[in-house]
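Handing you a structure now.
The values are calculated or read from the model by the stated rules, or taken from the named source; none is laboratory data. Please read all numbers here as calculations on a predicted model, not as lab measurements. All Cβ positions, even for glycine, are placed from backbone atoms using ideal geometry, and neighbour counts span all protein chains on display.
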Amino acid sequence: MDDLTPRLRRFADGDAAAVLVLHGGREWSMARVASHQLAYLRMVPFALDIARRSDNVGVHLLRNRYRGWNPPAAHPVQDAEWALDRIGDVPVVLVGHSMGGRVALRVAGHPNVVGVCALAPWIVDEPVDQLAGRAVLIAHGDRDRTTEPALSFRFAERARRVTDRVARFDMRGEGHAMLRKAAVWTRLTTRFALGVLGTQPHDPLITNAWRQPAPDGLRVPM
């Protein structure tokens, strides 16, 4: 494996299903992603918590080649597709933060993806058709100044046109780094991922949000 290959770190083994965790980044940067960079390290607790609570679920954290999205190349999308093919033919839930949230939403059309959890996602002009038949959870801090909560809300509205399982949570008093309520972010993500994969019961908070009409189910306070 050379320096131009993404890295896939495994936190738990399992051949029944998988969770793929995607880190954030920048709009433009050809710098290589290092294992000590904060955007990557921020996702380690999510992978660890899912791994601790899962049974026969493979948990993987992807380290991209480059820090940037780098349009029109969208290098992180290429890396996520590489990782999905490498994980194999099992149901997969994607978990992504910031740019990783955008990547997760973008690659949701992969045939093995059954759910997407986008945390403080960087939303631009994203399509929604690839979400058809998928379970979707979006969580966004109402004090986020890096990515725009209003855009993730409008995206969630559009996503409900193609799937009836879209929930969005307003993380009250929280910013982009997800640090003030770290345990809440982690717990919500783990319950979503393992509920969608069927290894734990669905969280009633999430299923209730799926059932509520917009805007209520898309502005659930946390």
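In region 166-186, what residues are free of Cβ contacts under 8 Å to residues at least 60 places away in the same chain and in a loop (DSSP other than H, G, I, E, B)?
ARG172, GLY173, GLU174, GLY175, LEU179, ARG180, LYS181
Something else now. Only one residue in THR163, THR146, THR189 is assigned to a loop (DSSP other than H, G, I, E, B), under 23 Å from ASP216 (Cβ atoms) and at pLDDT 95 or above. Which one? Give the derivation first.
Working: THR146 fails: under 23 Å from ASP216 (Cβ atoms); THR189 fails: assigned to a loop (DSSP other than H, G, I, E, B).
Matching residue, one of THR163, THR146, THR189: THR163.
Being surrounded by fewer than 17 Cβ atoms within 10 Å (Cβ to Cβ) and either touching a Ser or Thr at 6+ places or on another chain (Cβ under 8 Å) or in a helix (DSSP H, G or I) (or both) is the filter here; which residues of region 200-222 pass it?
Hits for region 200-222 are PRO204, LEU205, THR207, ASN208, ARG211, ASP216.
Specify which of the listed residues (HIS36, HIS23) is more than 19 Å from GLY198 (Cβ to Cβ) and either without any contact (Cβ under 8 Å) to a residue 40 or more places away in the chain or loosely packed, with under 15 Cβ neighbours inside 10 Å (or both).
None of the others qualify; the one that does is HIS36.
A quick yes/no check of all residues on (1) farther than 21 Å from THR190 by Cα; (2) modelled with pLDDT under 95; (3) surrounded by 24 or more Cβ atoms within 10 Å (Cβ to Cβ); (4) of a type in the set (Ser, Thr, Tyr):
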{"site": "TRP69", "(1), (2), (3), (4)": "yes, no, no, no"}
{"site": "GLN78", "(1), (2), (3), (4)": "yes, no, no, no"}
{"site": "GLU81", "(1), (2), (3), (4)": "yes, no, no, no"}
{"site": "LEU94", "(1), (2), (3), (4)": "no, no, yes, no"}
{"site": "HIS97", "(1), (2), (3), (4)": "no, no, yes, no"}
{"site": "ASN112", "(1), (2), (3), (4)": "no, no, no, no"}
{"site": "CYS117", "(1), (2), (3), (4)": "no, no, yes, no"}
{"site": "PRO127", "(1), (2), (3), (4)": "yes, no, no, no"}
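Another question about this same structure. Among the strands (runs of 3 or more DSSP E) confined wholly to region 42-122, which include 2 or more residues that are within 14 Å of the chain's Cα centre (by Cα) and either more than 14 Å from HIS23 (Cα to Cα) or without any contact (Cβ under 8 Å) to a residue 24 or more places away in the chain (or both)? Can you show your working first?
Working: elements: 57-63, 92-97, 113-119.
Where strands (runs of 3 or more DSSP E) fall fully within region 42-122 and carry at least 2 residues being within 14 Å of the chain's Cα centre (by Cα) and either more than 14 Å from HIS23 (Cα to Cα) or without any contact (Cβ under 8 Å) to a residue 24 or more places away in the chain (or both), they are 92-97, 113-119.
Identify the residue in region 2-25 that is among the aliphatic types (A, V, I, L, M) and more than 20 Å from HIS110 (Cα to Cα) and, among all such residues, is modelled with the lowest pLDDT.
In this case the residue turns out to be LEU4.
Okay, moving on. State yes or no: is ASP144 crowded, with 17+ Cβ neighbours inside 10 Å, within 29 Å of LEU38 (Cα to Cα) and acidic (Asp, Glu)?
yes
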